[in-house]
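Each value in this text was obtained by applying a stated rule to the coordinates, not by laboratory testing. Please read these numbers as outputs of a predicted model, since none were measured by experiment. Backbone-built Cβ (ideal geometry, glycine too); neighbour counts: all protein chains shown.
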Amino acid sequence: MCKKSEPTNLPVLIGDKFPNIQLPLLSKDTVYIKDVLGEKLTIIDLWASWCAPCRLENRKVLVPLYNEYHDQGLQIVAYALESDEAAWKAAAARDGTDRWLQSSDLKGDDAPFLKKIRVRTIPANFILDSNEVVIAKNLHGQDLMDLVKGSF
């Protein structure tokens with residue numbers, strides 16, 4: 001019981017500093033989260049090409065937010081639970097999310113990133129301030145749009 005309650009075994013919570021994890025990008029480069037934060041807000045979005053709610057959120061929420069607020073300091077960093085690179089690329093292009101950073105280990109549900117942040121279901125997200133602090137998590141649809149709009 002004590003081992004499970006150690007901070008390294010707990011999920012990332014609101015108020016926590018988000019781990020500065022190195023991510024493999026669709027472009028084959030790697031980046032650390034700290035190096036790609038938005039000036040005001042960063043949405044760490046976990047999604048997959050096969051996840052219908054994720055795809056809807058991409059098109060109806062994330063793309064409009066990115067279009068409106070990216071130049072004002074919003075960054076989106078996507079992590080895809082994928083094992084098929086072609087499906088991932090096609091979905092990102094079709095949804096219009098290939099404009100922001102796309103990352104994946106291509107290990108599906110067994111992704112190291114998911115284990116590090118202790119997430120088990122998608123769609124999921126973390127909203128970070130410019131200091132890497134989680135100010136909200138798992139906001140979707142209008143709730144996410146309202147939070148972002150209220151921050152700019």
Kindly rank 44-52, 56-64 from highest to lowest mean number of other beta carbons found within 10 Å of each residue. 44-52, 56-64
ARG94 neighbourhood, Cβ < 12 Å, K/R = +1, D/E = -1, net charge +1
How big is the Rg/Rh ratio for the chain, C-alpha atoms only, Rh by Kirkwood, two decimals? 0.94
So, counting K/R as plus one and D/E as minus one, what does the shell of residues with Cβ under 12 Å around GLY150 add up to? 0
For the stretch 13-152, what's the relative contact order in percent, using C-alpha pairs closer than 8 Å and at least 6 residues apart? 35
